[in-house]
Structure formats: C-alpha cells, structure tokens
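Peer 1: Mind having a look at this structure? Questions to follow.
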Ligand code: MG
C-alpha cells in the first residue's frame with residue numbers, strides 16, 4: 001500500500017459558549033482547525049486533525065500546520081502509511097520539531113492502518129479498557145460566580161471532573177476555586193489550571209489560601225523549575241501539562257517527582273505514535289494521565305477516545321470531548337458524550353466519516369487530487385471504477 005495523495009482542509013470551529021478564555025487574558029472565539037486526508041493506492045483514505053489553541057498557547061498555529069503539511073506531504077508520497085515508525089522517522093528527517101504538524105498526518109495513517117486491518121485504532125493501541133472513558137469539562141475563565149454556575153450546569157449534564165481556568169488575578173483565582181468547589185460533591189474532581197499564568201509569588205499565595213480545599217493544581221508557572229518550587233511548598237496533588245512536550249521532558253519531571261498527573265495532548269507530542277509511546281511509559285511508571293489534545297472537533301475527539309480507551313482505567317485520570325464544545329460537526333461516527341463519558345468507536349480505524357459538505361474544497365492538494373467522495377459511496381458504485389483510477 002502506498003500513499004498517493006494528501007488533501008488538507010481548513011475548518012472554522014465556533015464555540016457553544018461563544019468564547020474560551022484562559023490565563024493572561026488569552027481568548028479564542030473561533031478555532032482554526034486543519035483536517036488532513038491521506039489517500040492510498042488501495043482505495044483506503046485516512047483522516048487526521050490538528051487544531052491549536054490559538055496561536056499563543058503552544059508553539060503552534062493553524063496556518064503553520066497547513067504550511068508544514070504542504071512541506072511534509074510530498075515527502076510521504078509513495079510511502080506505506082501502515083509503517084508508522086518509519087513514517088515518523090521520515091517526517092523527523094524532513095522537518096525538525098513542529099510536532100503538531102506531524103500529528104495530523106500520523107493520525108490519518110493510524111486511521112488507514114485500522115481500516116486496512118479491520119480493527120479500531122483502540123485495538124491497535126493496546127485494547128479496550130472498560131466500557132467508556134470519564135471526561136473532564138474545562139471551565140472558561142470568567143468571574144467566580146459565573147464559573148461556579150457553569151460547573152453546576154455541566155455537573156447536571158453528567159460531568160464529575162472539572163478543570164477551572166485560573167492563572168489570572170490571584171485573589172480572584174482563590175475565589176474561583178472556592179466557589180467552584182462549593183458546587184461539587186465528595187468524589188467530584190476539581191483541577192485549577194493556571195496554564196503557566198502565575199508568577200511564583202502568585203502561585204504561592206493561591207496554594208496557601210486554598211490549602212483546605214480539595215483541588216488539584218495544574219501547571220501553575222512557566223518553567224519546570226518554577227512549578228517544582230511551588231510543588232515543594234504545597235501538599236495539593238499536582239498536574240503538569242505545557243512543559244511535558246516530549247519523552248525527555250516526561251522523564252525529567254518524573255525523576256524530580258514534579259507531578260502526580262500528566263496531561264498528554266496528542267498534537268503537542270507529535271501524533272498518536274509518540275503519544276502512545278509516552279502513554280505506555282506512564283503506565284509502567286504509574287503516572288496517571290489526562291488524554292486530550294490542544295483543541296479540535298470530531299476527528300480529534302475520535303483520536304482522543306481511541307488513545308484514552310486503550311489506556312488502563314486506573315491510570316486514566318480523564319479525557320476530553322472537544323466535539324461537544326464546538327457548534328460544527330465535521331464527521332459522522334465521532335464519540336458522543338453520555339453522562340460525562342465517551343467511548344471509542346468499534347468501527348475500523350478512527351470510525352469517523354467526514355462530512356464533505358462541511359469541509360468544502362481542500363486548501364492543499366498534494367499528489368493525486370482524488371477523493372471528493374466518501375469511500376463508501378465509491379464502493380457502492382463499482383462501475384465508477386474509482387479504484388482503477390487510483
Ligand atoms: Mg492544562
């Protein structure tokens with residue numbers, strides 16, 4: 001099987017809540033997402049998605065993803081999409097860094113591997129643990145009372161884990177944490193995620209002021225050294241996210257005892273291949289994980305579900321259903337949240353069928369400009385000889 005073409009589509013993903021706000025006054029109203037379609041000479045195509053959290057969260061942005069895909073795509077033509085380690089080596093040789101660019105291509109090739117073998121990606125990543133995956137809900141940064149009301153509202157929808165966006169004014173953040181926790185029951189999980197937004201003196205004030213509150217502290221400051229300094233002066237459970245962007249970063253943080261939970265974002269790590277490697281190491285080391293991505297729609301949510309569902313339940317702290325935050329559905333078959341949980345599809349590959357009417361025309365076409373129709377439709381009309389044209 002050989003890759004014969006790659007299409008990249010740009011999709012705007014608006015939000016049900018209108019905007020998403022986090023530390024430092026950062027805010028996004030419409031997410032710039034890129035969907036990638038990898039076409040093969042076997043008539044199988046695979047899909048991936050990369051959607052940065054705006055251009056100012058991680059070193060990643062929407063047009064950068066597409067520029068990188070246009071650069072890497074031609075290098076993958078003629079390669080076997082099922083040979084994922086080899087593909088990742090080729091991508092690394094052709095483009096240093098830029099893991100988020102490689103993520104969508106890697107994800108699409110996992111989709112192809114699943115379709116080629118008749119197995120869901122979840123099975124290929126290690127097997128299914130449990131019936132479903134527990135989700136967390138991120139609570140956009142607002143005044144304390146509004147955030148607490150959102151927590152109560154999403155709790156009524158079935159969520160039991162909440163991630164408050166703090167990292168603002170420390171006194172207001174203290175009020176946010178207290179107001180949100182007051183809406184929760186014992187057993188519910190509250191995480192205060194500062195997204196690197198506090199200086200050390202601010203983080204120190206907040207963790208001291210909420211010492212009596214049952215709350216996890218996530219990525220309080222910008223660097224590992226700063227986070228470690230705060231961790232050493234608090235007894236709250238500690239989550240690291242932004243600074244754990246590679247296997248080396250994970251190993252260093254683990255060796256220093258810098259975290260209790262780590263957030264694995266697929267595109268931050270470079271795709272499902274690299275995320276699985278780090279996930280498996282975390283399982284061995286006993287580090288609990290939140291399985292997620294920076295943002296995304298149906299395709300990203302499907303990939304998260306497969307990686308999360310193939311993670312042992314006791315090490316699965318939570319996962320994210322981004323497709324329930326956005327107003328646009330880009331694919332059928334993606335996981336749908338039920339009672340605060342979701343499950344990976346049991347269909348081959350990622351189990352999604354992109355809605356071409358939503359995607360429009362590709363912004364980038366590399367190699368043979370095929371596709372335009374879903375594979376299922378093409379199969380229904382063998383006389384159209386689509387496979388022969390490939
Ligand atoms: Mg985080």
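The values are calculated or read from the model by the stated rules, or taken from the named source; none is laboratory data. Computed from a prediction, not measured in an experiment: that's the story for all the values here. Please note: Cβ atoms are built from the backbone with ideal geometry, for glycine as well, and neighbour counts cover all protein chains shown.
Peer 1: If I go through the range 279-299 residue by residue, how many of them are within 16 Å of the ligand (Cβ to nearest atom) and under 23 Å from residue 53 (Cα atoms)?
Peer 2: 8
Peer 1: Something else now. Can you name every residue in the range 189-245 that is farther than 25 Å from residue 154 by Cα, part of a loop (DSSP other than H, G, I, E, B) and without any contact (Cβ under 8 Å) to a residue 12 or more places away in the chain?
Peer 2: The one that is farther than 25 Å from residue 154 by Cα, part of a loop (DSSP other than H, G, I, E, B) and without any contact (Cβ under 8 Å) to a residue 12 or more places away in the chain: 232.
Peer 1: Still on this structure, I have one more. Looking at (1) crowded, with 24+ Cβ neighbours inside 10 Å; (2) within 19 Å of residue 350 (Cβ to Cβ), which one does residue 294 not meet, given that it meets all the others?
Peer 2: (1)
Peer 1: OK, next. Can you say whether residue 185 is over 20 Å from residue 53 (Cβ atoms), assigned by TED's automatic domain parsing to the domain that holds residue 136 and surrounded by fewer than 21 Cβ atoms within 10 Å (Cβ to Cβ), as far as the supplied structure shows?
Peer 2: On the way: over 20 Å from residue 53 (Cβ atoms): yes; assigned by TED's automatic domain parsing to the domain that holds residue 136: yes; surrounded by fewer than 21 Cβ atoms within 10 Å (Cβ to Cβ): yes.
So residue 185 passes the test.
Peer 1: Restricting attention to the range 260-273, which residues are in a helix (DSSP H, G or I) and either outside the structural domain of residue 189 (by TED's automatic domain parsing) or under 13 Å from the mean Cα position of the chain (by Cα) (or both)? Show your work before the answer.
Peer 2: The first filter runs over the range 260-273 and keeps only residues in a helix (DSSP H, G or I), leaving 266-269, 272-273.
Answer for the range 260-273, where residues must be in a helix (DSSP H, G or I) and either outside the structural domain of residue 189 (by TED's automatic domain parsing) or under 13 Å from the mean Cα position of the chain (by Cα) (or both): 266, 267, 268, 269, 272.
Peer 1: Among the listed residues 319, 343, 332, 313, which satisfies the condition of being crowded, with 22+ Cβ neighbours inside 10 Å and modelled with pLDDT of 95 or more? Steps first, please.
Peer 2: On the way: 343 fails: crowded, with 22+ Cβ neighbours inside 10 Å; 332 fails: crowded, with 22+ Cβ neighbours inside 10 Å; 313 fails: crowded, with 22+ Cβ neighbours inside 10 Å.
319 is the lone residue from the list that is crowded, with 22+ Cβ neighbours inside 10 Å and modelled with pLDDT of 95 or more.
Peer 1: Suppose we keep only residues that are part of a helix (DSSP H, G or I) and touching a helix residue (DSSP H, G or I) at 6+ places or on another chain (Cβ under 7 Å) within the range 118-149. Which one would you say is surrounded by the fewest Cβ atoms within 10 Å (Cβ to Cβ)? Working first, answer last.
Peer 2: First, pick out the residues of the range 118-149 that are part of a helix (DSSP H, G or I): 121-124, 144-149.
Imposing the further condition that a residue be touching a helix residue (DSSP H, G or I) at 6+ places or on another chain (Cβ under 7 Å) reduces the set to 121-122, 124, 144-145, 147-148.
Numbers: 121: 29, 122: 25, 124: 19, 144: 17, 145: 11, 147: 24, 148: 23.
Step by step, filter the range 118-149, then rank; the result is 145.
Peer 1: Another question, if that's okay. Kindly provide the set of residues from the range 246-259 that are surrounded by fewer than 15 Cβ atoms within 10 Å (Cβ to Cβ) and either in a loop (DSSP other than H, G, I, E, B) or within 16 Å of the ligand (Cβ to nearest atom) (or both), ordered by number. Explain how you work it out, then say what you get.
Peer 2: Applying the first criterion (surrounded by fewer than 15 Cβ atoms within 10 Å (Cβ to Cβ)) to the range 246-259 yields 247-248, 251-252, 255-257.
Those that are surrounded by fewer than 15 Cβ atoms within 10 Å (Cβ to Cβ) and either in a loop (DSSP other than H, G, I, E, B) or within 16 Å of the ligand (Cβ to nearest atom) (or both): 256, 257.
Peer 1: Go over the candidates 145, 182 one by one and state the one that is free of Cβ contacts under 8 Å to residues at least 40 places away in the same chain, over 26 Å from the mean Cα position of the chain (by Cα) and more than 21 Å from residue 19 (Cα to Cα). So that I can check it myself, show each step before the final result.
Peer 2: Values: 145 fails: more than 21 Å from residue 19 (Cα to Cα).
Of the residues listed, the single one that is free of Cβ contacts under 8 Å to residues at least 40 places away in the same chain, over 26 Å from the mean Cα position of the chain (by Cα) and more than 21 Å from residue 19 (Cα to Cα) is 182.
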